[in-house]
Amino acid sequence: MDLDTRRLRSFLVVAHELHFSRAAAQLNVSQPALSQQVRALERDLKVELFVRTSRTVQLTPAGEALLATAPRALYEVERAVETAQQAARGTTGRLVIGSVRTGLADVVPRVMRSFSREHPQVRFEVLQMDTALQLRALVDRRIDIGIVRSAPPTELLVIEPLVSEPLMVALPADHPLAGLDAVDPRLLANEPFVSWPRHLGEDFFDIVVAFCREHGFSPKVNTEGGDIDSQLALVAAGFGVSLQPAFYAHTAPAGVAFRPLTGPSPAIVLQVARRRDASDLALRFAHEARAAQT
């Protein structure tokens, strides 16, 4: 059954006034037109809502029941319409954001705060994920935005730069090289390495390998860790050294010393990723993320 909300609003005014002339004046319609609207509502509902006499108007039991529930129904309809219109404008909805740990420490919360000031109705879900998992989750539509590192664009994904950081070496705090102000990359040739598994971040892994080869050696990967915390814990435990973006120097655990590398160091780029057919809301967030870095 289709229920005309205009008729429902007319019913509510009549029900409160219990007088068709006064209700018609309040609604700025003629009394016959108002009577027709109420009759049409009664036909729609297949019930009688008012007992009418020449002198009085009274609610029937059905009318009393409708009066008790109609205001809530109208509120929900109006709320649904407003929500749909806000969604069309990109000012409400839900965003699922994936991010590498680097982004969660600064970029993501900073952009969320700024974004929420302009879009207070938007709800967020934030997931820590490595780059490779984010790229798959974007394609599978399990997340809307990704904050990734050193990833190339694809046929389905747009990937844009946010900030870049130089590569540094993470050393056990008691390692002899930790006493240097900067480390010549060639001194790492015989060191065991702690690394990301390549499948969790192929582009970053390849950057590290290419950097080592530029300095005359291939890294001897002794141990792998599936996330940065695991890798730095392995470094602290003395299982090897690790090449990492400079950001992690600010959050290094006890037992790990970060040192800059001498000479040119590759820039590790933090990026915002989205689908090419991203929603207006995701497009706005990606734009906000880029604008926040300028």
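Values quoted throughout were computed directly from the atomic coordinates according to the rules given, and no laboratory measurement underlies them. Note that the structure is predicted; figures quoted are calculated from it, not measured.
Normalised by residue number, the volume inside the convex hull of the Cα atoms of the stretch 60-217 is 188 Å³ per residue.
Look at where the Cα atoms of the stretch 50-79 and of the stretch 226-278 average out, and the two centres are 66 Å apart.
Listed values (1) 33, 21, 16; (2) 68, 16, 15; (3) 29, 23, 18 include one computed from this model; for semi-axes √(5λ) of the Cα gyration tensor in Å that value carries the label (2). If both residues of a DSSP beta bridge must be in the chain, then about 60% of such bridges are antiparallel.
Springs join every pair of Cα atoms under 10 Å in this Gaussian network model of the chain, and among GLU191, GLU78, GLU48 the largest mean-square fluctuation is at GLU48.
Choose one answer from PHE124, PHE50, PHE204: the residue with the largest mean-square fluctuation in a GNM of the chain with alpha-carbon springs under 10 Å. Answer for the Gaussian network model of the chain: PHE50.
Relative to the longest principal axis of the Cα atoms of the chain, helix 31-45 runs at roughly 60 degrees. Computed from backbone phi with θ = phi - 60° and the Karplus coefficients 6.51, -1.76 and 1.60, the 3J(HN,Hα) list for the stretch 62-74 is 5, x, 4, 5, 5, 4, 6, 10, 4, x, 5, 4, 5 Hz; x is used for glycine and proline. Classify the stretch 164-267 from the C-alpha gyration tensor, please: rounded if a/c falls under 1.5, else prolate or oblate depending on whether a/b exceeds b/c. Judged from the Cα gyration tensor, the stretch 164-267 comes out rounded (a/c under 1.5).
Mind telling me which of ARG43, ARG113, ARG274 comes out most flexible in a GNM of the chain, alpha-carbon contacts under 10 Å? Fluctuation is largest for ARG43.
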